[in-house]
Ligand SMILES: [Fe+2]
């Protein structure tokens, strides 16, 4: 006999079928071990089929099903249970995982230097029509830096989303884009030379891009997740420019708001500091560094790289060229090239500038 009463919502939901030749022990596993509740069971005298539910996940436990074993992940806050593996009926595997599962473990990474050349590069297609070029190399990074571009001009097929990050910044090196951010009012133009701090969890959307947009984006950790938010429409009605997102604030920094200062101990380079440092609660920084040498080459002091250990350090050459020395290697960096320390810079790596031309402009991002 079929149902003679109205089915509950749970009985109408899509479900995974778990074969349970030993029905009773299968039921015990899901109900008593995993905490599923019985939505429906039949027949009463000798059950062989049950619909079970937990946290909006529904399974049909079926004694006579011919089905492959099922693998279930249960997200859990309790760190002590993470990694626990259980085996249930017909080889069902259950694993407790962190709420946000990360694929990579980056605990034993040694600091390295990675040089990425503009004309020796691979662009890969990412989401929403964007092409990506890695500046950190194909490593198992704790941080990721990319050059991102969108050809031409037009609407961008993006949606409201957010990222599970500890530090994320974007710098526009070419073209422009129309962006909108949670609690930051109307959409605005992100133009060449502008920089944004994208605090953890802030909802945002790229609406349009113009004139072959190119952006440098640095994110930590590399294996962060992107979540869609289907409930929020942007722009939203709240405007709160100073809102705190996990200790950070949104900032849109423009070139005319930056003050000049000598770059470290250089006699030929000037640094323009952005507001990313302050907005990120001093998690990281973004600087533009300009040569102020006039035509002739000027030898800078040799120790121009960072003097202290860092988690991450990047130079992206926007214009001109420089000769650098790193780990006793001499390299010439030209426009579009970058040098990166994707998982840590140590002073022993000895990164220094030996020479640069008068056109030299470099973007520095560190944390
Ligand atoms: Fe995003």
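Does the range 9-23 hold any residues that are touching a residue at least 12 places away in the same chain (Cβ under 8 Å) and either surrounded by fewer than 12 Cβ atoms within 10 Å (Cβ to Cβ) or closer than 12 Å to residue 59 by Cα (or both), and which are they?
10, 11, 13, 14, 15, 16, 17, 18, 19, 20
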Exercise for review: Restricting attention to the range 219-236, report how many residues are under 30 Å from residue 311 (Cβ atoms) and within 13 Å of the ligand (Cβ to nearest atom).
Suggested key: 7
Practice item. Restrict the check to the range 113-124 and report whether at least one residue is buried (at least 20 other Cβ atoms within 10 Å of the Cβ) and away from the ligand (no atom under 16 Å from the Cβ). Key: yes
Check your understanding: Within the set of pairs 6 or more residues apart or between chains, which connect a residue that is free of Cβ contacts under 8 Å to residues at least 60 places away in the same chain inside the range 60-77 to a residue that is in a loop (DSSP other than H, G, I, E, B) with Cβ atoms less than 6 Å apart?
Key -> 60/15; 61/20; 63/20; 63/48; 69/92; 70/92; 75/99
Study note, to complete from the structure: Requiring at least 3 residues that are within 13 Å of the ligand (Cβ to nearest atom), the strands (runs of 3 or more DSSP E) wholly within the range 160-214 are 161-163, 167-181
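How many residues does the range 252-262 hold that are touching a strand residue (DSSP E or B) at 6+ places or on another chain (Cβ under 6 Å) and either over 14 Å from residue 172 (Cβ atoms) or free of Cβ contacts under 8 Å to residues at least 40 places away in the same chain (or both)?
Looking only at that region, the number is 3.
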Exercise for review: Consider residue 359 carefully, then state whether it is within 26 Å of residue 195 (Cβ to Cβ), surrounded by fewer than 21 Cβ atoms within 10 Å (Cβ to Cβ) and out of contact with any helix residue (DSSP H, G or I) (no Cβ under 8 Å at 6 or more places or on another chain).
Suggested key: yes
Point to revise | Single residue of the range 325-346 satisfying the filter (more than 21 Å from residue 270 (Cα to Cα) and within 27 Å of the chain's Cα centre (by Cα)) that is surrounded by the fewest Cβ atoms within 10 Å (Cβ to Cβ) | key: 346
Study note, to complete from the structure: Only unsatisfied item for residue 146, checking (1) part of a strand (DSSP E or B); (2) under 13 Å from the mean Cα position of the chain (by Cα); (3) over 17 Å from residue 286 (Cα atoms), is (3)
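Let's see how each residue does on (1) under 26 Å from residue 251 (Cα atoms); (2) surrounded by 15 or more Cβ atoms within 10 Å (Cβ to Cβ); (3) modelled with pLDDT under 95:
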{"site": "261", "(1), (2), (3)": "yes, no, yes"}
{"site": "269", "(1), (2), (3)": "yes, yes, yes"}
{"site": "276", "(1), (2), (3)": "yes, yes, no"}
{"site": "279", "(1), (2), (3)": "yes, yes, no"}
{"site": "283", "(1), (2), (3)": "yes, yes, yes"}
{"site": "296", "(1), (2), (3)": "no, no, yes"}
{"site": "301", "(1), (2), (3)": "no, no, yes"}
Practice item. Go through (1) in a loop (DSSP other than H, G, I, E, B); (2) under 13 Å from the mean Cα position of the chain (by Cα); (3) more than 13 Å from the ligand (Cβ to nearest atom) and name the single condition residue 137 misses. Key: (2)
Revision key, fill the gap. Across (1) touching a residue at least 12 places away in the same chain (Cβ under 8 Å); (2) surrounded by fewer than 15 Cβ atoms within 10 Å (Cβ to Cβ), residue 45 clears everything bar (1)
Review point. Which residues, counting only those in the range 224-249, are within 24 Å of residue 283 (Cβ to Cβ) and assigned to a loop (DSSP other than H, G, I, E, B)?
Key: 224, 225, 229, 240, 241, 242, 243, 244, 246, 247, 249
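The values are calculated or read from the model by the stated rules, or taken from the named source; none is laboratory data. What you are looking at is a predicted structure, and each value in this text was computed from that prediction instead of being measured. Neighbour counts run over all protein chains shown; Cβ positions are idealised from the backbone, glycine included.
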